[in-house]
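As structure tokens, the structure follows; a few thoughts come after it.
The values are calculated or read from the model by the stated rules, or taken from the named source; none is laboratory data. Note that the structure is a prediction, hence the values are computed from the model and not measured. Backbone-built Cβ (ideal geometry, glycine too); neighbour counts: all protein chains shown.
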Amino acid sequence: MSGKQWVYTQQTNLIVFNFASYYRIIMAYRNQQQFIDALERAGELLRIKSYVDPKLEMAEITDRISKQPDGGKALLFENTGYAFPVLMNAYGSEKRMCMTLGVGHLDDIAKEIETLFKLLIKPKENIVDKLKLLPKLNQFASWMPKVKSGKGECQEVIMESADITKLPVITCWPKDGGPFVTLPVIHTKDPNSGIRNVGMYRMQVFGPRLTGMHWHRHKVSARHFSEYKKLNKRMPVAVALGGDPVYAYSATAPLPENVDEYMLAGFLRKKKVDLVRCLTQPEIEVPADADFIIEGYVDPGDELIWEGPFGDHTGYYSLPDWYPRFHITCITHKKNAVYPATIVGIPPQEDAWLGKATERIFLAPIKMTMVPEILDMDMPVEGVFHNLVIAKIQKEYAGQGQKVMNAMWGAGQMMFNKILVVVSGELNTINNYERLAQTVFKNLNPSTDIYFSQGPMDVLDHSCSKLGFGGKMCIDGTNKYDEETDSAYESGLNSSLVSENSIRNRFPEIKAINSSLLQKDIPCLIVSVKKNRKGHIKELHEKLCRLSETSSLKMILYVEHTVDAHDLPIALWRFCNNLDPKRDYILSKNENINGSGKYNACIGFDGTIKTREFDNFERDWPNIIVSDAETIRSIDSKWSGLEIGSFISSPSLKFRDQLYGEEAAVQSS
């Protein structure tokens, strides 16, 4: 293919063209139904014709499917007990995310953005250079959303009496506060500037015309609400469900404030988003092709409503709190509408693929505007987005790792990052985690190369002693210049094998030790321990570090005794969630080793549950998310009739013995 050559395929509406020496596949779906048809043609959709209850059962089936290799398939529940089918797990694989965004590979979008940045910032030395820019500026204009007159497809049917309980809103998990709208594309406007914001915040259903509006204090919509409070005016809000699947992704994207999410959607689909005005909240415009529109308002004069708990993307229940009330004034929908939903919980889930798309798409803007030395970035699934981020940089001077640390923690939603690992360019890829860990530990002095700070944290982070504020750390695993090294540190100790039985005999509170990493030249242990007193982990760590067989260790990760230390992904997920790095680290230094006058160091991190009794932790500690026994039995009995393949047991069974507190007693009974 040479030049600007077009190929059009009527069946799939795919357009393929050559752009900046690589191929980009464009899919501007007319609506959600066309996306469903495309999924089915691609073998990415399972239709479930048997009745499945939106309360708990749909979530249980989706949890089983989404944890299959490559995210399983999208699910269309056709018999819901309501007038509308339910689509779930639509974004739950790399292939389906690429279909959503119209690309062959997620990195294609980053390459295109980088090309655009370079084109815009390149010096324009003459009139010819300026003229070359005009076609691209015309393209920018073609991506801007447009408000159409009249009604849209989303307004084909006006519900006679607005009643959200007529929609198949799912209840995800047994301890949830109720049914939640989980894929709402929520539209608000700044009352002063009129600038639109499109975000995604869960909505708990409290009645036919009432939901919660779960926007956190850091969110743009929350700031809009603050402005309406000052004006003592009702705040118009509209919620879109369905339509082109790129809308839901754009609503989750970490865009700078005042950048229209529908411009991002237009860029991704290479076609502007057509908007129409709401019927009862005409200040707000919504996508014309959406499946459902829920219109309403939030009144600053209302009392807040007690919302939650909710099984969240961390794999834990987010605790209930006070949030604004959303009053519904109108519900419209297209004919033959399909209700979209998702579940979040113990990873991996569908949201991991949305996060992976963000990781790839926003690599180029971070590189071009804030961290020019960054080469790659990765957010492992076990870190549930903010908890763990790996950044690879082109290192050229001492202290550059810390420079990157400060830049990234000051970059938009990256301010919520808890653990940042910085590596240098000698690694070909950061996705080979074994090789990554080997390189990081080779370059690491635990006493000088781990940096601690405090700052804003995700309000869903239950490990923080104070809501939304806690510790974070950066592990500088880059190759070191002389200025960054400590000549008194001895890093050349020989690796030694750790005898699990020997250590457990001396420390009966230790229930398991994963020493498998030592055999891979990664000097790190994972230890499952049952705490029974204040200061227990600190005391245990110092004793372990004095043993001759642990002299080569650089790090020990402590997890709860119920966690299988040998299940590395699950142990890391539990560890990252339960850790406040600044509060929960213990550095042990062994001075004058081998009579050399040098020292070695081993750092420990307490990733166990925190309690009032043993840790002076005053906040409530949430539980991990598992299905209840009744729902598991129900789906087990229905499975063969679902006709969706071989039986898959419930992922929740693996975690029943890891529950905490009151719920553990209930589940065990």
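Taking residues in the stretch 352-376 that are assigned by TED's automatic domain parsing to the domain that holds Gly412, and partners anywhere that are charged (D, E, K, R) and not in a helix (DSSP H, G or I), the pairs with Cβ atoms closer than 7 Å and at least 6 places apart or on different chains are Leu375/Lys392; Asp376/Lys392. Those strands (runs of 3 or more DSSP E) of the stretch 404-487 in which at least 2 residues are in contact with a Phe, Trp or Tyr (Cβ under 9 Å, 6 or more places away or on another chain) and within 18 Å of Met555 (Cβ to Cβ), considering only elements entirely within it, cover 450-456, 469-476.
Rundown of residues vs (1) under 24 Å from Tyr91 (Cβ atoms); (2) small (Gly, Ala, Ser); (3) within 22 Å of the chain's Cα centre (by Cα), yes/no style:
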site: Lys189; (1), (2), (3): no, no, no
site: Thr211; (1), (2), (3): yes, no, no
site: Lys229; (1), (2), (3): no, no, no
site: Lys233; (1), (2), (3): no, no, no
site: Ala248; (1), (2), (3): yes, yes, yes
site: Val259; (1), (2), (3): yes, no, yes
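For the stretch 541-548, indicate whether the set of residues that are hydroxyl-bearing (Ser, Thr, Tyr), closer than 30 Å to Lys395 by Cβ and over 34 Å from the mean Cα position of the chain (by Cα) is non-empty.
No, the stretch 541-548 has no match at all.
Pairs are defined by a Cβ separation below 8 Å, a sequence spacing of at least 6 or placement on different chains, a first member in the stretch 81-110 that is assigned by TED's automatic domain parsing to the domain that holds Gly266, and a second member that is outside any helix (DSSP H, G or I); no pair meets this definition. Out of Ile526, Ile537, one residue alone is in a strand (DSSP E or B), modelled with pLDDT of 95 or more and at negative phi. It is Ile526.
In the condition set (1) at pLDDT 95 or above; (2) surrounded by fewer than 22 Cβ atoms within 10 Å (Cβ to Cβ); (3) part of a strand (DSSP E or B); (4) not β-branched (Val, Ile, Thr), Asn336 is compliant with all but (3).
The set of residues in the stretch 389-446 that are surrounded by 17 or more Cβ atoms within 10 Å (Cβ to Cβ), without any contact (Cβ under 8 Å) to a residue 60 or more places away in the chain and among the polar types (S, T, N, Q) comprises Asn417, Ser424, Thr439, Asn443.
Does Ser66 satisfy being modelled with pLDDT of 85 or more, of a type in the set (Ser, Thr, Tyr) and exposed (fewer than 13 other Cβ atoms within 10 Å of the Cβ)? The answer is no for Ser66.
Scanning the stretch 179-221 for residues that are closer than 25 Å to Leu87 by Cβ and free of Cβ contacts under 8 Å to residues at least 24 places away in the same chain yields a single hit, Tyr201.
Among the residues of the stretch 244-276, which ones are of a type in the set (Asp, Glu), touching a helix residue (DSSP H, G or I) at 6+ places or on another chain (Cβ under 8 Å) and either in a loop (DSSP other than H, G, I, E, B) or under 18 Å from Leu87 (Cβ atoms) (or both)? Hits for the stretch 244-276 are Asp244, Glu257.
With the structure loaded, tell me whether Gln204 is polar (S, T, N, Q), in contact with a Gly (Cβ under 8 Å, 6 or more places away or on another chain) and modelled with pLDDT of 95 or more or whether it fails that test. So Gln204 passes the test.
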